[in-house]
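Here is the structure we will look at, set down as structure tokens.
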Amino acid sequence: MQEPTIIKLESKSLIGQSAGMSLQNDGTASLFKAFMPRVKEVDNKLDGSIFEVIIYDANLSFENFGIDTTFTKWVAVEVEETGKVFEGLNSYTLEGGLYAKFDHIGDVNKFMETIQYIHSVWLPNSIYYLDNREHFQVLGAKYLGPTNPLSEEEIWIPVKEKKS
């Protein structure tokens, strides 16, 4: 596995749809199915990238994370500003801060391996710890779908530097 790029990210304005879910009751496919036809309605988007944002409960300990742990997932596009309201869509501001960005290539099974590596190998052996902010993926032009082994996406993990 590759080392991430550490980036100080500015906040981002997003327009999209969200839903509560868990791994057990994963509604990701339904969320994408509902949102993707609506992307063309958003006229102030910055590019064609799709943001898949995951918001965990502030009190969540990842040692206790399981298939029934609930979270909120957003599927959205970045916009210049969130002033315009689109019926059935909502605005969200992605908090900025320090992130570890991993470039991932592979299908959904390989994605799960990458996530496992990040949380069980890279993070514990790095100079960072997990911060309580949004986790997200960016699905850009090289994203070819969840079952394509050549699909590329960015995985962004919120981090803070450990104090010595």
Filtering the range 101-127 for residues that are in contact with an Asp or Glu (Cβ under 9 Å, 6 or more places away or on another chain) and either under 12 Å from E154 (Cα atoms) or among the aliphatic types (A, V, I, L, M) (or both) leaves a count of 8
Got at least one residue in the range 25-41 being surrounded by 16 or more Cβ atoms within 10 Å (Cβ to Cβ), among the polar types (S, T, N, Q) and without any contact (Cβ under 8 Å) to a residue 60 or more places away in the chain? yes
Any hit, the range 117-137, residues being closer than 26 Å to Y92 by Cα and of a type in the set (G, A, S): no
Quick check on my filter: what residues within the range 117-151 are surrounded by 16 or more Cβ atoms within 10 Å (Cβ to Cβ), under 16 Å from the mean Cα position of the chain (by Cα) and of a type in the set (G, A, S)? S151
For the range 102-116, which residues satisfy the criterion of being surrounded by fewer than 16 Cβ atoms within 10 Å (Cβ to Cβ) and of a type outside the set (V, I, T)? D103, D107, N109, K110, M112, E113, Q116
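Just the residues that are part of a loop (DSSP other than H, G, I, E, B) and either within 15 Å of the chain's Cα centre (by Cα) or among the aliphatic types (A, V, I, L, M) (or both), please, taken from the range 27-55. First the steps, then the outcome.
Going residue by residue through the range 27-55, those that are part of a loop (DSSP other than H, G, I, E, B) are 27, 42-44, 46-49.
Correct list: G27, V42, L46, S49.
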Could you go through the range 62-69 and let me know if any residue there is surrounded by fewer than 16 Cβ atoms within 10 Å (Cβ to Cβ), closer than 19 Å to K160 by Cβ and more than 18 Å from the chain's Cα centre (by Cα). yes
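Each reported figure results from applying straightforward, stated rules to the coordinates on display, with no laboratory input. If you're wondering where the values come from, they're calculated on a predicted model, not measured in any experiment. Here Cβ is always computed from backbone atoms with ideal geometry, including for glycine, and neighbour counts include all displayed protein chains.
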